[in-house]
Every structure is written in structure tokens, then in C-alpha cells.
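Below is one structure, written out as C-alpha cells; comments come after it.
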Amino acid sequence: MIKAVLIFNNQGKPRVTKFYQHYSEQDQQSIIEEIFALVSRREEGVCSFLEGGKLVGGSDYRLIYRHYATLYFIFCVDSSESELGILDLIQVLVEVLDRCFENVCELDLIFHMDKVHFILNEMIMGGMVLETSLSEIVSRYHEQEKICKQEIGFSKTPSMVAGALKSIELPNLKNELKNIELPKLPSLRR
Amino acid sequence: MPTPIRLRDLIRNIRAAKTAAEEREVIQKECAEIRNGFREEDNIFRCRNVAKLLYVHMLGFPAHFGQMEVMKLVVSPRFTDKRIGYLGSMLLLDENREVTMLITNSLKNDLEHSSQYVVSLALCTLGNICSSEMARDLAQDVERIMRNGPAYLKKKATLCACRIIRKEPELIDNFIQLVPTLLNDKHHGVMLSGVAFVTEMCNISDEYTEKFRRSVPALVRMLKNLIMSGFSPEHDVSGVVDPFLQVRIIRLLRILGKNDSSSSELMNDILAQVATNTETSKNVGNAILYETVLTIMGIKSESGLRVLAINILGRFLLSSDKNIRYVALNSLLKTVHTDRNAVQRHRSTILDCLKDPDPSVLRRAVDLCFALINDQNVRGTMRELLIFLENCPSEFKSDVASNIVISAGRYAPNAQWHIDTILKVLTTGGNYVPDQTIPILIHLISSTASLHSYTVSQLFTAIKSNSLHQPLNQVACWCIGEYGEVLLTGSEYSDLVQPEEILKSLNSLCESHLSSTSTKSYAVNGIAKLANRLPTHLMPTIKRILARYGTSMNLELQQRSVEFSSLFNKHDDKRPGILERMPLFEKTEEERSYSESNDPAAGEKAASSAPAVNTAQQSALDDLLGLGDIGTGAPVATSAPAPVMNSSNLVRCGHDNNKPPPIAKRTPESERGPFSDPETTLRTIRQAASNSIPSFEPWCDDNLGMKMDFQKIDTNVLAINMTITNNSLAYEVTDFSFLAAVPKQLQINLAQPSSLSVSPQMTLSQQMRVNNPNKVALKMKCKMSYKLNGNPVGPIDKVIGNFPPSAWE
């Protein structure tokens, strides 16, 4: 079972975090810090497997990570998952992100954290691997995005109007009335 | 009320903040806006607000006020709202909160929705945060989708069912008939989830493993189709067809084939095919091979296949990819106990891995090396391990040191090598050597009388070079104190040493500020013992040194110094008797013959004893010695304290020599060497475990206190020693009478109490024996009466029900 999927950058700032087992908010933050401390200490060229830290759970848990440019992709798994298989899964995840976001970079993950979650939900459910076929995941994601866009198209008008109305600013007439200059109309008197 | 800002604007603002405090300010301001928005029941922008809330939640800020909003989003008819709502529920809620139950209704509605994406959202949420009650409520709907839904929903429903049966195993029966259709489906996603589902059921209970053995042929066929099907673009990963599914199927085959020869036979062919045909140039091929190897080792496969598997692992070990090497070491560790000989072939490669800079690989290699040590290769392996101990990172040192000591004790070819090795561990391991090894070493030295002179000379030279290692110093102090006279006469191992030299070396250890208190205590003891061993002209010097610590701030040193000084000054006639050489310790191990000495037959017996028993008793040994395990991983629930603790007590109070050393009360037979019969060893381990029943105080009041100590005489008979304490301060208890009754299936025999009257603060004891053939829970009804200072008390009736379970199990 996969216990957690974490993506954070070289400074340890979390970009996407998903826990498949319940931890309190404080625990989640300390787990992220602990894992970042463990992973950042690893040099280049060592293997991608780490024994899990104390917080995530004892000796049964392993951290499998990959470092791409500025991001660390970390899967925390227990002994029932194949380590090499999870390495491949990370590769598939990155390829999917690449297809969905078109040459994905860290900024895409930052600004579209919710979309990354939706993609993850297509691949992993309840800690178990759901789908690994690249094309299937990408096509499903695109279809759901289409539905969302259609909905926004329909409902955009009322919300735009409401938004516009809320922020409308009526001109300040009082002052202008004071200074209003009446046009010089020709006198109608003979 | 201005429009709430977009998520991306919020993110931009947060990124623009230059300091952490500024960032916190931005976020708190926005959270306040969001809270306002929620309060005003803003339907249009709720989705946006919740999305922002999820973002700040990821950064670690509190977001609990969004939980109810998430509910409202979920019931909205818009897909976008539902999407964010369900995502929020997965991130913010969990099965422990009652709030989660509120989603159940909307989940039920959405599971019947016409749009498959809405259904998929509901299934996804259910699969992630399902609780037991939700499982029971919604199992029917999930089952319906598993039966009739499109492939996209079937696979999600199947994984959802995995979680449901994990939470509520009774619901398995709802789903079990659907399995064959799932496995026959053409869609790979459905096959993947189907196999995962079967694996989950097998993990829950063995009876399902029995049931699913029937589907082994179907699984084998599935795997064959995958391999033979040729290139399929949608499932291809680097040239291999759907490696994830292959790995899953092979893993399930492992679970089904374990301990079952008929299913294992069916799998042999396909496993051989996969093992030989898979391409290993890419990681995917290696993943499949790795899983295949684990399966071959895990089932009852034929020996040719096992050899093939080990050879594949050997190839992995030589690979340049670090990940492959790690994985190979890991799997070798799992298989080393069953196929020790095959793994031995790769011993040299494994020893080479000790030079790898990667700490994960090192840890695996070290564990594997220890598991591989046997009588033949012990010298070579130990040499490598000692070199490793010198250079390894410090987090490894104490584990490696203690494991070397244990292995040396088990496999040493002769006594001299054994002592040499342990001395080397002390010098290279430095302060990382754990404290429990010191008594072991001392015991070892004292028992090998032939090597006393050798040992003492080595230790003397070692501390002369001003060693800073505390364990080494402690052992040296003890030895020199005991056997110092050997140095006076000189031997083949060292030149004659002047007595002043000996005294000076111990004294410098005592005076050095770098020595710990225990080292100084050892040194003081050693100096005191030297009074017997060295010529008498040094007595004044010794007395002076000892007296120096009479005013030490350290209680231990002060006490020793004062007691020794008084011994020397007032009771000098008794001194020779007290300080003479210590007798050999009470044997805590059976007479262990070294494998190279006189008994080649014994050596063979050791090699052939079942590895499983070795594992059990090795871990018993480890547990008893408290020295950690060597990666055998078989825990034995003994709570017997380490017998070596007794020897350390002996070392500490060395001047109490005329008392016989306290005999370890726990059965030390569980530490028998590897030459004994396996059955008796296991029985004695169990006995040792059962000997340690905690004592128990059923009752205590102002006048009398009752305490019970237990000991198992036999598997059915429990001996109880009851101690009655007179708690009163002035009154005498007389005419004490105690009656006891036990349930019908048990028998009890009461002996005569030690006396019928008890003085204040004194005790009396009464023995009882309980015969419990059916292992029924022990309960006792007792009636006590006595006279306190002439006044009759009682009869006091008491039912004792809470005996410690280990007493009657």
C-alpha cells in the first residue's frame, strides 16, 4: 500500500501532498519536514530507496524518491509494493503531468495544485495503484476538464454580471452637481 | 463584498511575500476573507474559496472551518463544485470524524448519477476515506457498479471494494462471486484492480487463499497472454507489455503458491518463461525479473528454478545501477535462511558491497554478511567486517560491533582467535561498543585459562598507548587486576614488566579526566586486587592511591575507596582471602567446544541443525543478551533478563569473593550452544519464557499484605508462593488461618504455612500448588482469619480473579 505521495522542491516547500492514511495536520507537516531532511542529505548517484523516518511508521515503510531538476517526487510505501515498480510509477506520473500540462515545470504544479490532485486520483486510489496506462489517464483527465469548461461557459455570464454589479462604483454626483454649468440657452423672451 | 480573488492570484501574492511573516500575514488576511464568504453563504464563489483553502491547508495553515462548506459543495449540481468538494473532503476530512458521515447521503446519490464522471468522483472519495459505517451503507451500490458498470467505473469500484473489505471483512461475501468475471475482463485496468482485490482478500484471511488457489490456472493463462500478445501500444512501457499487471499477477501467484506444492507446480513453467525471456536492459524488465525471483523463492518450486533465481540475483548484484543492487541485496536477505548454500556463492560480491558509499546499500550488505557467516568462512568474513568497522559511518558502528561479538561467540574456530577478534573490536570500535559486550568479554577471558598471559599482555600494551576507549579500558583494568602477576614474570608475549609500571598504568587511567566513572571504578577495583598480586613494598602506594578517592564527589568512587581502605587498615588479615583470584563464573553456557578443536562431529551437527531452529534460538540469544538482532527477524517473547547482567554485578563487587556468585534464577538452558536437540531447545525457550510470570499482589490493607509469586513446575502445575506481611507497626498477628478454593476443573494443594504467627513488619509464607490441565482461567476464593493483638479479625472472604494470564495459559 502507498502511504503518501509528496512532491516538494529543493528548499522543502510542499507543492503537492497526498496522504492515504490519516495523520493530523501537525503530523503531516512534521512528516514533510522529516522526509525533506532525509532526502536532501542524499548525494547524487546513490540508490533511490531510503528507510522511512520514525514519524511515518516503523521499519516496514520505505521511501522511494526521484529527483527531477528542482522537484523531489517521493512515494512512501510499505513492504507489499514492489520498489522497482513504484520507481516506474513515478516515471509514469511525470510523463502524464508532461502530457497534461505541456512541458510541465514547477510553476504548473504550483498554480494548478488541484489539477495535479485530480490526475493523481486517476492513478492511485486508497493507496493502491488504479491505472498505469498513459493514454487512458490523460484522455480521462481531458474529458473531465472539458466538462468543467462547458459548465464555466454556461454559468460564467451570471457570475460575471454579479461580480460586476458588486464592484460597480457609482459616480460621485454631489460634487459635480455643484459645479455643473448650465448651457447658455438663448433667451426665449422677446 | 468584493469578489473573492482567484486561486492563482492568491498564489501569486503568497509567492510575492518576501519573508515568512509577510506570507503568514497574506494568508491570514485571505483566510479571514474566506471565512466571511462562507458566513455570507456565497454560492457562486464557494468553489473558489474552498480551492484557496485547500492550498493554504497544504502549506500547513488551519483549515477546519472549511469542512461544512465542503459538504455544501458536494451537493451542488455543478460538476466543478462537486469536484472541488470531493477533493476537499479527501484532504480535510478523515474517517474518524463524525462530519464525514454527512457525506454518506450525497455519496449514495452520486453513485447513481447518470454521468460516469460524477460516479467516479464518488467512488474515488469512498475509496479514500471510507469508514466502517459508510462501508456497510454503500457496499451494495459499489457491488452494483462492479457488476454492471463500464470498465472505467468497474476498476474504481473494485479498488473501492478493497478498502471496504479492509474496514469490514464480513462484507467479503457480497463481492466474492464477482471475482471470476473481473479476472476474465479484457480491460487491463479491470484486471489490475481484480488481481489487487484478490490479493487483499488473501491478506485478510488464509481461508480465502485456499479458495483462490482454484484460480491459479486462470492467472497463469492471463500472464501467458500478456507475454505472448506482442506489441500493444496502449499498454507498452519501454518495450514491455503492461509491466504493472505482470508484476501484480506474479505477486499474487507467490501468495497463492506459498506452502502448496500443487499450485507451485502449475506455476513453474510460466515463471521459467518469464525469467528467461524478459529484457533486462530497462528498469521495467528488471522489476518483473525481481518479482519473479521473489516468487520462485517464496513458493515450493523445483530446485533448477531456484538456482536460476539465485543466479539472476547474482547478476543483479554486479549491475552498475545502484537501485538494482539494493533490490538484489534485499531479496538475498529474505532468502538467505532457506537457501543458504546458494547465496554463499555470491559471498565475495556481497563483501565487496561493503565498500559502497551508499548508506542504504551498506546497511543491507552488513545484514547479509552477518547472516552468511558460518564455520568455514568465519575468518575471512570477520576480517572484512573488522576493516569495515574501522571505516564505516558512525551510525553503523555500535550495531556492527555488537553483531561481531555475537557472531564471534558463535562461530569462533578457537579461543585465541576469539579473544583476538574481540580485542580488535574493542580497539577499533572505540566508544561505540555497547556496554553489554564488556561482561561477555570478561567472562570469556576468565574461562580461557590458558590464554591469560596472552590476553593480559595484549591489554597492557593497548592501554599503554593511552587509549581513550572506555570499554577497552574497563576490560583491561579488570584483567590486569585479576591476572597482573603474569606480567611480573614475563612470558613469550611480553617482556618483564616492573610492578611499578603496572600500578602506574592503572593509576593513570584512574586519574585521567577522560575516563568515565565506571572506568575509574574498574580501575580502583583493579588496583585493590593488585595488593595481593604485586610485591608488598608497593602496599603503601596502593593504600595512598585508594585513600585519595575517599573524599571524591562521586558516590561510587567514594564508597569503593572508603571500603577498600577500611579493609586494608582494619581487616588486613582477611584481605588475601577476599582479594584472591575469582573463581570461574557459574557456567551460563554449556561447555562450548570450538569447532576446530577436538570434535569434528559436533561441527557437522551444527551445520545440519534446522535453520529455523537456529533462527529461533539465535534470536532468543539475541533477546536474552539484549544485543539486537542480526536481521533474522524472528522475535521470541522471552522476558528473561540477560544472565550476563549477573556477571556484571559480580564484576562490580569484586571484593565479595567469598560469597558464591548469585546463580541466575532464569533457566539459562535456553542459551545452549547449537549442538543440542532442537525440540528440547524450543521447549526450554518456552519454559524460560513462562518462568517469568510477574508476581502479583491480590490484596493489601492496614494489617496484612498478601503477595504471590509464581513458578511453573510443569506445563499444568503452577506453584504459588504466597507471602503474608504483617503491615502493622506494633501488633502481633497470631492464629493465622488461610483457606482457598478454586473452580471445578482445577485442583489445589495447600502446604503448611511457615508459621501461624507473624511479628510486626515480618512475613510468613505459604506454598500452594495448582493443577490446571485444561488451562482454564485461574480464579481463587480465599478465606482468611487471624488474631490481631488478641482480637479476632475476619473471616475475610476474597475472590481473586485477576491473576496474570501467563500464570494459567
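Overview of results
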read-out: Assigned charges on the beta-carbon of Lys, Arg, Asp, Glu; segment B:491-567 dipole about Cα centre (debye); value: 300 debye
read-out: Cβ-placed point charges (K, R +1; D, E -1), dipole of segment A:2-144 about Cα centre in debye, nearest 20; value: 260 debye
read-out: Charge sum, other residues only, whose C-beta stays under 10 Å from B:R136's C-beta, Lys/Arg counted +1 and Asp/Glu -1; value: -3
read-out: Accessible area, probe 1.4 Å, largest first, for residues B:T427, B:T199; value: B:T427, B:T199
read-out: Estimated inter-spin distance, B:E265 and B:A777, nm [label 7 Å along Cα→Cβ]; value: 4.8 nm
read-out: Residue order for B:T541, B:T209, B:T19 - accessible surface, 1.4 angstrom probe, largest first; value: B:T19, B:T541, B:T209
read-out: Probe 1.4 Å - accessible area at B:R383, Å² to nearest ten; value: 150 Å²
read-out: In sequence order, calculated HN-Hα J values of segment B:361-368 (Karplus, 6.51, -1.76, 1.60; Hz; x Gly/Pro); value: 5, 4, 4, 4, 5, 4, 4, 5
read-out: Residue (of B:L746, B:Q761, B:Y731) at the positive-pole extreme of segment B:693-807, dipole from beta-carbon charges; value: B:L746
read-out: Heavy atoms of A:E151 accessible to a 1.4 Å probe, total area in Å² rounded to 10; value: 40 Å²
read-out: Accessible area (Å², 1.4 Å probe, nearest 10) - A:E34; value: 40 Å²
read-out: Solvent-accessible surface ranking, highest first, for B:H64, B:H337 at 1.4 angstrom; value: B:H64, B:H337
read-out: Estimated vicinal HN-Hα couplings, Hz - segment B:116-127 in sequence order (Karplus 6.51, -1.76, 1.60; Gly, Pro = x); value: 5, 6, 5, 4, 5, 4, 5, 4, 4, 5, 4, x
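The values are calculated or read from the model by the stated rules, or taken from the named source; none is laboratory data. Because the structure is a prediction, the values reported are computed rather than measured. So basically every Cβ, Gly included, is an ideal-geometry build from the backbone, and we count neighbours across all protein chains shown. Just so you know, the surface numbers come from the protein's heavy atoms only, side chains and all, with ligands and any DNA or RNA stripped out. Shrake-Rupley method; radii C 1.70, N 1.55, O 1.52, S 1.80 Å.
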